[in-house]
Every structure is written in C-alpha cells, then in structure tokens.
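In what follows, a structure is listed as structure tokens, so that the remarks can point back to it.
The values are calculated or read from the model by the stated rules, or taken from the named source; none is laboratory data. Note that the coordinates shown come from a computational prediction; the quantities given were computed from them, not determined experimentally. Glycine gets a Cβ as well: all are built from the backbone with ideal geometry, and neighbour counts include every protein chain shown. Areas reflect the complete protein model, heavy atoms only, side chains present, ligands, DNA and RNA absent. Shrake-Rupley method; radii C 1.70, N 1.55, O 1.52, S 1.80 Å.
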Amino acid sequence: MNVTVAPQAFSLVAFDAGRIAALAAEVAALVGVPDDVTVEVDVDERSPFGKTSALVSGRSVRLIVEGGALEDPQRLRQFSDAGARLALGRLLYRVADRFDPAFGDPPADADLTMAEHAAWDAYCLGRYARRAGVDSGEGRRRYAFRIRHGFTDAADQAFDRLWHGSDLTWSDIQRVCGV
Amino acid sequence: MRKSFPAEDLARDDRFRRARTEDRINDPRNQFLPEGRRAGRLTPERPDAAHAARQMMHGIFVGEIQALEGAGRTVWDFDDDDAPFALKLDMARQCWDEARHTEISVKLGEWMGTEVGEFAETTFLYEAACNPDPVLRLTGVNRALEGLAIDVFNTMREFGQACGDPVLEFCEDWMLADEVTHVKMGSDWLRRLTESDPGRRERALEFQRVVDKLFSFRGFRGEGDDSPVQLARTFRRMAGFGDAEIDTIAADAETDSQQEGWKAPV
C-alpha cells in the first residue's frame, strides 16, 4: 500500500512522518483497506485539537488529522503510538467500510450528524479492539455515545450491538440513530 | 516534617505525569490558533464534548488532590500565633471534604471512561497554596482556588444537565455545595483576620486578584461564549463575593482572553 504523509518534517511537535506512514500502512492492512488504495495522511501540526476526517475519491484516500489526535495526552507535543493507532484504526475502518459495497453508501464525513459519528465510531473501535487485541477505550466511547444517544438502557444496548457487532451496514447504524 | 512544601515534591504514584504550566502557555502552536477556533463553552453541541468533559473532569480530580494538599499544609505550616486554631480546624474539615471530592471525582472519571493519570497534571492550583502569609494563602486557596472550583463545578453540573447525564449532574451539585461553604469560610476568615489591618486585607485581595487572573488563563474562565468554564455569579454571591469583586474577575478574564496566543487547556 502506498502511504504518504504531509508534512515530511515537523517543527512544532515531535512527530516523525516515517513513523506515521508505517503505522498507517500497518493499521490499513489490519482493518482490511484494499492494497491498491493510496493513502495520504495530512497532519496539521499547528492544531492541538483532535479533529479527524477521511475523504475517499476513487482508489485514493486522504486522511485529514489535527495534530492533537496523534498527541500523547500526558506529554505535550509528543507523539503517541497507541493513540495514533486508535485514531488511524477508527478512520481506516470507516474507509474500509466505504470500500465495501455490502456496507452501503454513507454520506461524506463532513455531512454526518454527531449522532452518526458517535455510532459509527463505536462500531469501528469495537472491531479495532478485537482485531488488534488492544483496549480501544470502550468506557470513553460509551460515554461519547451516551451524550449523543441518551443516558438510557436502550442507548446502552444499542452501543453494545455496535461495539460487539460485525458485518453491520450503514442502514444498521442509521437505525441506531433513529433514521 | 518540613513546612511550606514545594509543588515539585508532591507525592504521586507512577500513573501520574506532571506538565509544566509554562510549557502550556509557551506552546508554539498557540500562535497559529485562528480566531473562532477556540475551544468554547463546554456544551453537548461541541463535537468534542465527551473528550473535553473527560479532560475537565480529570482536571477537577487532580485539582481536588491539590486542594486537599493545600488545605492540609495550612493546618501544619502555621503555629497558633500565625493562624488561629479555629481556622486550622476549618481547614482540617475542608480536607475531609476535598478527600471525599477526590474519591467522587475518581468514580466520575470511571463513569466517563477516564483512567487516573490519563491526562497530564499541572500544579498551578497547589502553587497558589504556597504563600508564607496565612492570610494570603487563605485568599489564594479559599477564595481564588475554591472560587474557581465553584465556576468549574457549576459548568460541569450544567453540562450534565444539558446532556442528560444524571450521575454527573448530581455529583457536581453536591460538590458545588461544599465549595460554596469553603469560599464562605475563606471570606469570613479574611474579614476576621484583617479586621484591624486594612493594609494586609488589601494585600490579600491583590494576591487573590493575581491568582484569579492566572486561573482565568487567557479565557479559560470567563463570561464569554468561548470560555470553557463560565463564571458562576449566583453561587459566588452565595459564597460571600460582592458584585464588584465578581465584576473585576469578569473584566480581568475578558481582558486576558483578548491576548494573542490564547489557548484553553480544555
């Protein structure tokens, strides 16, 4: 898989473009992004925030990542391998879903509602935890899900279906969101 | 046991990592934050609401530990000539509250999916509790620090209310009630200890103003929509703050938030 990272060198944060590219390639393969897809990771090192999105165009993918998403929350401006894997895992599972015809046709990331974001993230990170054999933060994802879907037993059951689910479709996620 | 314990020697286990306040203020990324890209008021409408709330909750947790340490030091650091026994007894009672708040905050963190030590800890709250003059320390801890706690707890209580989180709302409401008592205690002691020394009272209030400016941290706390922590006027009045005092904190916060390089820690 061809992965490129921009910028090539970082001056405001202690990130390494080569390491980010290697992690992106590893995670992409793990979550099932097709080999012939090219991935461009565009990191905004000026931002300490953690917004991320993925744009898919043909067989090209552009991951747009604010630097805070890859940063160690305990160490200012330092890279976190584990945090980067989670951020990339979440984004690339979405990409893999978009390349899967059986998944359906979700709107672009920019057009998703916050409830849809929370639901799809839960589905992506639940799968990533199982696939990578890591703790992908079920508790914090459940809390994020509750904020968007309510602090109710029904919302918790919906989260559990997403977190432990596989082979779900965009329609399944929309159903959780009441669409 | 030594007196006036420095912040860098505070005991923490290996889950905690310390961050220097000056590193945050001097973060070179601050200069690139465009207007309108501030963190903003903590509401469920923020796309990063869950993360921001968890981060603030962790800040509350370490803040409670430092408030416990600050009040505890006051019990030990001064003899009865410097600080009356009754004041130290009040501080000891406050320690009990802060210890309970620490436990509540740990449990709230777990409820929100946060681990102890997940975020770095700065010690600027404790640093406000290191003044060698007991009256200045009292204003630093019981009026500035605990005043900030009123603002933060009310912000979190309202956040819990807005997103329908009954656990967060309930716990913050109870802790907020304690903080109002702590500030009231500080207001009462300040008045009693400086009754015959208006100059000392003036110095104490000036020290409090300096600490309050630090806590407002370039817009971290204020009344603007872009401040994550909102000034809780009603609860501050209940705690003995006068309207003029609250206006000063609000005005200082507003002035400070206009400075370049603004970055809220949440």
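When the surface is traced with a 1.4 Å probe over the full set of protein chains, B:D133 keeps roughly 40 Å² accessible. Computed with a 1.4 Å probe on the full set of protein chains, the accessible area for A:E40 sits at about 70 Å².
Taking a 1.4 Å probe, which of B:E98, A:E138 shows the most accessible area, and what order do the others take after it?
A:E138, B:E98
Can you pull the percent of chain B's accessible area that's carbon plus sulfur, 1.4 Å probe, other chains left in place? In chain B, the share of accessible area belonging to carbon and sulfur is 54 percent. With every protein chain in place and a 1.4 angstrom probe, the accessible-area ranking of B:W96, A:W170, largest first, reads B:W96, A:W170. Summed over qualifying helices (DSSP H, 4 residues or more, each -39500 (n - 2.57)) and divided by its residue number, chain A shows a 222 nm mean residue ellipticity of -15000 deg cm²/dmol.
Annotated for the protein assembly as shown: lysine pairs at least 8 residues apart or interchain, Cα distance under 21 Å, count 5.
Once the 1.4 Å probe is applied to the protein heavy atoms, the range B:41-257 comes out at 39 Å² accessible per residue. Rounded if a/c is under 1.5, else prolate if a/b beats b/c, else oblate: with a ≥ b ≥ c from the C-alpha gyration tensor eigenvalues square-rooted, which is the range B:102-185? Oblate shape, in that a/c is at least 1.5 and b/c is the bigger or equal ratio.
Charging the Cβ of each Asp and Glu at -1 and of each Lys and Arg at +1, and nothing else, the dipole of the protein assembly as shown about its Cα centre rounds to 380 debye.
Ignoring ligands, DNA and RNA, how do B:W111, A:W120 rank by accessible area with a 1.4 Å probe, largest first?
Ranking B:W111, A:W120 by accessible area, largest first, yields B:W111, A:W120.
Oblate is the label for the range B:90-133, because the ratio a/c of its alpha-carbon gyration tensor axes (a ≥ b ≥ c) is 1.5 or higher and a/b is not greater than b/c. The A-B contact accounts for roughly 2500 square angstrom of buried accessible surface, both chains included, probe 1.4 angstrom.
Rolling a 1.4 Å probe across all protein chains gives B:W189 an accessible area of roughly 10 Å². A helix-only calculation puts chain B at -19500 deg cm²/dmol for mean residue ellipticity at 222 nm, using -39500 (n - 2.57) for each DSSP H run of at least four residues, averaged over all residues.
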